[in-house]
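Contents: one structure, followed by commentary.
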Amino acid sequence: MQPASSLTRSSISRRAWRACLFLLLVCAINSSAWARGGAARLSSTPVNTATAPRLSAQDEAFLEDLSRRSFQYFLDHTDSRTGLVLDRAHTNGTAHNEREPNHNIASSAATGFGLTALCIAAHRHWISHEEARERVRITLRFYAERADQMHGWFYHWIDQKSGERRWKSEFSSIDTALLLGGVLTARQYFHTDAEIVRLATTIFERVDFPWMLAGHPTLLSHGWKPETGFLKPRWDTYSEHTMLQLLAIGSPAHPIGPRAWRAWSRERITYAGYTYLTGGPLFVHQYSHAWVDYRKRREGWYPYTDYFANSIAATRAHRAFCINLAAEFPDYSENMWGITASDSAKGYVAWGGPPRDPAIDGTIVPSAAGGSLQFTPDISIAALRTMKEKYGERIYGRYGFTVAFNPLTGWIGPDVIGINVGIVLLSAENLRTGNVWRWFMRNKEIPRAMHLVGLNYYISQKKPRPFRKSSSNRRSHLLNRIRSSHRATKDAVAPGVQRERG
């Protein structure tokens with residue numbers, strides 16, 4: 001007979017090991033569910049489905065009107081000979097005159113939005129298919145044959161009439177990427193037009209992505225200037241550059257390695273219950289998503305980032321952030337919110353939050369909510385409709401919403417900006433039809449790049465992906481290994497101890 005103390009220790013040991021076995025088994029059963037749901041948990045947002053939400057007739061009518069007005073900007077302010085789109089114009093429809101600093105200033109990014117806008121307009125019969133096709137040809141001919149370029153990269157700011165460099169701007173990596181978004185969308189929408197396909201392919205395949213690494217093994221530079229060379233800032237943290245990365249990795253002519261995707265930092269913050277990759281102004285969560293369809297894809301390593309769910313979380317957190325500023329700026333509310341890079345009474349400001357930007361003064365930027373239509377239609381449509389209903393023609397005109405307004409001071413921006421108008425148009429179209437995503441993703445280079453970096457499709461928790469072995473076999477196999485390991489460990493560390501066997 002064993003001493004009472006031995007019986008107690010043996011009993012405790014058996015109970016402890018049974019508890020350990022049970023906990024390990026539970027962990028094994030649920031490990032794949034955690035992996036599948038990791039991105040959703042981290043973003044505090046339900047996993048998005050690829051199905052477009054149902055919109056009311058009133059919401060559809062509102063979005064149709066907003067979209068047509070947004071497209072009107074690109075129709076009015078694209079040069080007929082170069083195909084370049086003005087960076088900005090007055091809300092009344094007039095371009096800046098010779099006495100204003102923005103006279104004839106076009107941007108490559110706005111032109112990328114403009115090319116995509118033409119595809120939307122042709123598909124919706126706002127203009128004829130042939131008119132849209134010819135406008136696309138003009139723009140692509142300019143960039144393929146006439147535009148100044150360095151290793152395939154284009155200037156940020158250019159003269160709309162001549163195409164010459166303006167404001168001593170750089171050959172910009174991100175503005176070239178946004179241009180390519182439009183170039184490649186047009187290549188697929190007009191895929192039966194041999195000239196458009198040839199020109200678009202020439203423009204894309206000429207871009208030397210390794211050159212823009214500027215000697216770094218993985219991080220792309222923001223750009224290059226003739227006077228000073230490469231800009232010091234690099235794309236080293238999460239931002240609007242994810243499409244640039246995919247274009248670079250998927251390039252058929254001058255690619256960079258897939259490890260570049262993991263080279264930039266991914267800082268997460270938590271606000272109002274939402275944990276997500278931070279980026280300051282909302283536009284950093286919107287621009288790449290206007291073309292790249294990140295829905296139902298996630299990175300294959302912890303924390304399994306789902307970038308679409310991340311943008312949903314960022315938008316909802318930003319709305320909560322604005323609501324929490326209402327004590328200081330009482331016009332912010334559940335349906336009156338949005339701060340992203342824009343004009344203000346004091347000039348152009350790249351503001352946002354959280355965290356709190358000290359420049360915030362109560363200004364509301366409609367493209368913050370508008371650019372997130374593709375992520376959060378419930379809160380974005382409500383905000384935009386409330387703005388229009390409350391302030392009417394003072395902020396809503398020929399091109400949709402003004403760039404920004406401040407209800408507290410009465411300031412209303414006199415301009416619209418091409419990229420702000422563009423992100424609203426593309427986001428609205430993706431919400432309504434998913435067409436921009438569909439056209440752009442037909443470029444095989446993009447899905448290929450996503451596969452190379454580990455951004456692959458996953459199945460929601462309701463339909464879990466099966467194990468390579470059956471679940472029962474996997475559990476039995478794991479349980480047997482745990483028991484074998486337990487017996488071996490006890491024999492090794494406590495030889496000769498008498499054990500009860502069941």
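Laboratory data are not the source of any read-out in this text; all were calculated from the coordinates shown. Quantities reported herein were computed from a predicted structural model and do not represent experimental measurements. With ideal geometry, Cβ positions are generated from the backbone for all residues, glycine too; neighbour counts draw on all protein chains shown.
Expressed in nm to one decimal, what extension gain is obtained for the pair E100 and H451 from 0.36 nm per residue of sequence separation less their Cα-Cα distance?
Gain on extension, E100 to H451, equals 121.7 nm.
Indicate, rounded to the nearest 5 percent, the antiparallel portion of the DSSP beta bridges found entirely in region 48-459.
Percent antiparallel among DSSP bridges in region 48-459 is about 95.
Students often get this wrong: which residues of region 311-326 have the backbone nitrogen under 15 Å from the point 7 angstrom along Cα-to-C-beta of R356?
321-326
Taking 28 Å as the cut-off for C-alpha to C-alpha distance, list the pairs among K225/K444; K161/K388; K296/K444 that go past it.
Over 28 Å Cα-Cα: K225/K444; K161/K388.
Tell me which trypsin sites (Lys or Arg not before Pro) from region 262-327 have a DSSP coil assignment and no more than 16 other beta carbons within 10 Å of their own.
R266
Across region 302-307, in residue order, what do the Karplus-derived ³J(HN,Hα) couplings come to in whole Hz, using 6.51 cos²θ - 1.76 cosθ + 1.60 with θ = phi - 60° and x for Gly and Pro?
Karplus values, whole Hz, x for Gly and Pro: 4, x, 6, 5, 9, 6.
If you average the C-alpha positions of region 153-200 and of region 231-281 separately, how far apart do those two centres end up, in angstrom?
Taking the Cα centre of each part, region 153-200 and region 231-281 sit 22 Å apart.
Count neighbours as other Cβ atoms within 10 Å of each site's Cβ, and list the chymotrypsin sites (Phe, Trp or Tyr not before Pro) in region 319-402 that are DSSP loop with at most 14 such neighbours.
Answer by residue number: Y348.
Shape call for region 48-459 from the C-alpha gyration tensor, a ≥ b ≥ c root eigenvalues: rounded (a/c under 1.5), prolate (a/b greater than b/c) or oblate?
The shape class here is rounded.
In whole Hz, with x marking every Gly and Pro, tabulate ³J(HN,Hα) for region 152-167 from phi via Karplus 6.51 cos²θ - 1.76 cosθ + 1.60, θ = phi - 60°.
Once θ is set to phi - 60°, the couplings for region 152-167 become x, 8, 10, 5, 5, 10, 9, 6, 5, 7, 9, x, 6, 4, 10, 6 Hz.
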